[in-house]
Amino acid sequence: DHFVVTVDMQAYTETVITVSKIKYSGLSSGLQTGGTDSIKSVKICGPKNVINKINESKAYAEINLTDKKIGEHTVNATISFEDYNNVWAIGTYKTSVTIK
């Protein structure tokens, strides 16, 4: 068996933004982060009326540092948006983070 799903994407559009705000979780006590760059060329999608006026400052990357030790790490970043639940990132994103 199979089924077909049709999605009308005419009301949606894409754009590319830079995500500069980084939020960390799971960092061990006594350690701190430094040296994280912004994540450039993040492709996002959502309703045209939202994407046309979206404020990049509402975008942030969530990075889980559970079990990470001192040193430089390449980590996955989950892109999320403050005040927007109908916008999402397309693709996967990584960034480097230094833990001291």
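Descriptive notes on the structure:
- Global geometry of the chain, whether rounded, prolate or oblate, following the gyration tensor of its Cα atoms and the 1.5 cut on a/c: prolate
- A cut-off under 14 angstrom between Cβ atoms defines the neighbours of LEU65, and their net charge, with Lys, Arg +1 and Asp, Glu -1, is +2.
- Formal net charge of residues neighbouring LEU27 (Cβ-Cβ distance under 14 Å; K, R +1; D, E -1): +2
- Percent RCO, i.e. relative contact order, over the chain, from Cα pairs under 8 Å lying at least 6 residues apart: 33
- Environment charge at THR18 (Cβ cut-off 12 Å; Lys +1, Arg +1, Asp -1, Glu -1): +1
- Think of the chain as a dipole: +1 on every Lys or Arg Cβ, -1 on every Asp or Glu Cβ, centred on the Cα centre; then among VAL7, VAL75, ASN49, VAL75 lies furthest on the positive end.
- For the chain: accessible area per residue (Å², 1.4 Å): 67
- Accessible-area composition of the chain, carbon plus sulfur, in percent [1.4 Å probe]: 45
The values are calculated or read from the model by the stated rules, or taken from the named source; none is laboratory data. Since this is a predicted model, take the numbers as computed values, not measurements. Here the Cβ is made from the backbone with ideal geometry for all residues, glycine too, and neighbour counts use every protein chain on show. Note: accessible area is taken over every heavy atom of the protein model, side chains too, but ligands, DNA and RNA are not part of it. Shrake-Rupley method; radii C 1.70, N 1.55, O 1.52, S 1.80 Å.
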